[in-house]
Amino acid sequence: MNAPRRQSRLDRYITFVLRQRWFVIAAASLVMAATAAGGRLLTVTGDYRAQLGEDNPELATFDVLEDTYAATYVALVAVAPRTGSVFTRETVRAIEELTEAAWTAPYSTRVDSLTNYSHSEAIGEDDLVVEPLVDDAQALDDADLARIERTALSEPDVAGRLVARDGRVAGVAVSFARPENQEAAWAEVGDHLAALLSDARARHPDIDYYLTGNVALIDTLAAAARQDASSLSPLAFLLVMAATALCLRSLVGTLTLAVLVVFVLATVLGVAGWFRAVLTPVSAVIPMIVITLAVAYSIHIVTTALSAMSGGRPRTEAIAESLRTNMHPVFLTATTTAIGFLSLNSSESPPFHLLGNLATVGVLCTFAYSVTLLPAMLAVLPLRPRANRATGRPAFFDRFGAFVVEHRRFLLAFASLLVIGLAAGIPRIELSDNWTRYFDERYEFRRHTDFVIENLTGLDRLEYSLESGREGGITDPEYLRAVDAFARWYREQPEVSHVQAFPDVMKRLNRNMHGDDPAFHRLPDDQALAAQYLLLYELSLPFGSDLNDRVDIAKSSTRMTVVLRDSSSREQRQLEARAQTWLQANAPDLADEATGLTVVFSHMSRRNIDSMLGGTLIAMALISCILIGVFRSLLLGLVSLIPNFVPAVMSFGLWGYLVGRVGLASSVVAAIAFGMIVDDTIHFLSKYLKSRREGLSAPEAVRATFRSVGRALSTTTAVLSCGFLAFTFSGFETSWALGLLVTITLLFALIADFLLLPPLLMAVDRSRPQVAPPQRDLHSGGRP
């Protein structure tokens, strides 16, 4: 009783849009202009903390460490003479100049280098002198240079940290306080360091300078976000529109969709700006996603209108029929896609929340403009029917449908084996989020970081705050021996390149206070004496070189830093697990989990996958309930899950075989792809059930379905794939891995819909005594 009334309302709506087309275009333009004005309020950040949730336990532990000692925002400059070692007058002078200049950097709190290293030595038997290792490099003679080299390469705090063990590269580490207005502050710091290094290169053309560290990472993350948004979005637009033009073979139809994309994109970015959204490299890809989805979901309306016109219908009637046919499918597709993207809110990484929410806004805007602006523009512009190309032979999808029907048993077995075979590659995947590998070599940060890791020191670090249990307890000989044993154990591990530990300072002081006798290069046996040594040393240290970054104020804990060689996240987690085992067995009072930027990122993918699992399952359950309700069949609803679930399994399996390593992108691929690939399943099943209700057998219904929607599904997949392929041109790992994984998943989804779903339907239908009861047909505007 209600279906005709609903249909009548739909007809009245369509009539209004087409008759009042200029009004509709003007209204849509006003809405777009009002929302697009917010785009100017969008900002970009490169702060790596923006990728981490406030409740991240590793980040919370890291914050405690920084509050106890000092913030670990560091820029590391490697100084590398093109020939010889760093222990020449020119190179030492260059290091000294750079060290002094680095103090002028905004927000700098400390500068450490070979030249200002606080070297202590004995004068007589009881006097201690602490002074910079280098004072006035220009006046150094050969004997001084030999002494500096001998000292630097023998001191544990210098060799392997501020000077390469082979003496060919030196480092200048600049520490910064965490600023308030971080975006502006880090941009200022980045500009200052760039100018400083430019001047150094001009003054010393025979020396190369390499900049890395997490301060450089922040600057590069911001640059990557801006570059992806500004360069890859036009590329995605061109690829998507090229695919659209090839599929539609209509200039007017393609231009109409291009205008629609501009409207949707301007609206989404405007909404983001009004809500003061802050883009990161992860969320900066939202323009590409919006462009892709806008075309993929609106192209059905243009395609259907062109087909109707090719069949002889007048333009207005063809547009009306297209709206009538596609209104419900496009709405259902928008709903399922929105559910998939909204599930990203379960991620522990806030940029994915923004990505999911803005993509959802894009999907809803696409639907709104597709049923208002798009038909109105089609009614205004000179849309012409496509020329029919009569070849005298069955169309491709007629032949393909016949092939699938004829070989359905083989295809079912083949597809099942293919899924199982590819799924076997999933265990090969290693979850790894290494911040030193976030960018490819087109970025200077990656090239400089690789050089520093290979020639100076590692950048992955495990940080420990080792408690003595009481105020002033760090000079307790028992505590010092336990920390020293822990440091020695770490130095024996193959993954470790350097360990900076407080007992090394006390050994040096004990030797100094015994006339620099090498026999006393050991820990003091008396706590009171050790405390006196430490006090005397601290009083002798120059400004900016104190021990506050290594010792807490109460002298109750010390910081131990373990520098790792180039290693994967899994190797880092395994090393930390071995360290915890050693601590529990040998120094349980010191037991404390490692922290630091490396630890935070090494756990990020695994933690994000755990958080996304629940959200993805909820999204799948909701979409499944929608499909069961639409098809009014529990069995068909469950069958429809198979071609929507296996593509993600297949793509991850293939990735395991071919690549083997994946990071943060892996945690959201299933959620993003599931909402999109269900579109093809909806269209295929809807047409199949319509054919069955018209009396066709299961094989005949499959052939009719391929004939009706085969081209449309291929077009949608082509458009989506082209859009996400644009991601692969990004130099940011999360973006290109996400784009490639989603593209592979979309292609596998088309294979599943074409080669796995039809044989499944024919197998299920053969065992069913009757077809599902009559229901609304998505391809006839809701008519039974």
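The values are calculated or read from the model by the stated rules, or taken from the named source; none is laboratory data. The shown structure was predicted, so the numbers you read here are calculated from the model rather than taken from an experiment. Here Cβ is always computed from backbone atoms with ideal geometry, including for glycine, and neighbour counts include all displayed protein chains. Areas reflect the complete protein model, heavy atoms only, side chains present, ligands, DNA and RNA absent. Shrake-Rupley method; radii C 1.70, N 1.55, O 1.52, S 1.80 Å.
Can you name every residue in region 169-198 that is touching a residue at least 60 places away in the same chain (Cβ under 8 Å) and in a helix (DSSP H, G or I)?
Selection gives 182, 183, 185, 186, 188, 189, 192, 193, 196, 197.
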(message) Among the numbered criteria (1) over 28 Å from residue 524 (Cβ atoms); (2) in contact (Cβ under 8 Å) with a residue 24 or more places away in the chain, which one does residue 441 miss?
(response) (2)
(request) Note down all Cβ pairs under 6 Å where the first residue falls in region 356-385 and is over 14 Å from residue 263 (Cβ atoms), the second is part of a loop (DSSP other than H, G, I, E, B), and they're at least six residues apart or on different chains. (result) none
(request) Taking residue 202 as meeting all but one of (1) in contact (Cβ under 8 Å) with a residue 24 or more places away in the chain; (2) open to solvent by 10 Å² or more (accessible area, probe 1.4 Å), write down the number of the exception. (result) (1)
(request) Report the residue count in region 228-245 for those that are within 22 Å of the chain's Cα centre (by Cα) and either aliphatic (A, V, I, L, M) or crowded, with 18+ Cβ neighbours inside 10 Å (or both). (result) 7
(request) Take residue 40 and decide whether it is at pLDDT 85 or above and not aliphatic (A, V, I, L, M). (result) yes
(request) Could you check region 2-76 for helices (runs of 4 or more DSSP H) lying wholly inside it with 2 or more residues that are open to solvent by less than 30 Å² (accessible area, probe 1.4 Å) and more than 25 Å from residue 173 (Cα to Cα)? (result) 2-19, 21-36
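Residue-by-condition table, conditions (1) crowded, with 18+ Cβ neighbours inside 10 Å; (2) at pLDDT below 90; (3) of a type in the set (Asp, Glu):
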site	(1), (2), (3)
259	no, no, no
262	no, no, no
268	yes, no, no
274	no, no, no
281	yes, yes, no
288	yes, yes, no
(message) Being closer than 30 Å to residue 765 by Cα and hydroxyl-bearing (Ser, Thr, Tyr) is true for just one of 416, 432. Which residue is that?
(response) 416
(request) Could you check region 310-403 for helices (runs of 4 or more DSSP H) lying wholly inside it with 1 or more residues that are within 29 Å of the chain's Cα centre (by Cα), crowded, with 24+ Cβ neighbours inside 10 Å and at pLDDT 90 or above? (result) 350-370
(message) Cβ-Cβ distance below 7 Å, separation of 6 or more or different chains: which pairs start in region 239-251 with a residue that is more than 14 Å from residue 298 (Cβ to Cβ) and end on one that is assigned to a helix (DSSP H, G or I) and open to solvent by 60 Å² or more (accessible area, probe 1.4 Å)?
(response) 239/725
(message) Filter region 599-635 down to the residues that are touching a Leu at 6+ places or on another chain (Cβ under 8 Å), closer than 17 Å to residue 349 by Cβ and among the β-branched types (Val, Ile, Thr) and list them by number.
(response) 599, 600, 609
(request) Specify the residue that is least open to solvent (accessible area, probe 1.4 Å); the eligible residues are those in region 99-142 that are among the hydrophobic types (A, V, I, L, M, F, W, C) and assigned to a strand (DSSP E or B). (result) 111
(request) Consider only pairs whose beta carbons are under 9 Å apart and that are at least six residues apart or on different chains; among these, list those whose first residue lies in region 301-325 and is closer than 15 Å to residue 17 by Cβ and whose second residue is of a type in the set (Phe, Trp, Tyr). (result) 323/13
(request) Quickly run through region 350-374 and pick out the residues that are farther than 12 Å from residue 268 by Cα and out of contact with any helix residue (DSSP H, G or I) (no Cβ under 6 Å at 6 or more places or on another chain). (result) 350, 368, 371
(message) Just to be sure I understand the filter: pairs with C-beta atoms under 9 Å, separated by 6 or more residues or on different chains, first member in region 497-518 and of a type in the set (Phe, Trp, Tyr), second member at pLDDT below 90. Which pairs pass?
(response) 502/547
(request) Report, ordered by the first and then the second residue, all pairs with beta carbons closer than 7 Å, sequence separation of six or more or different chains, a first member in region 156-168 that is farther than 18 Å from residue 213 by Cβ and open to solvent by 10 Å² or more (accessible area, probe 1.4 Å), and a second member that is in a loop (DSSP other than H, G, I, E, B) and of a type in the set (Val, Ile, Thr). (result) 168/86
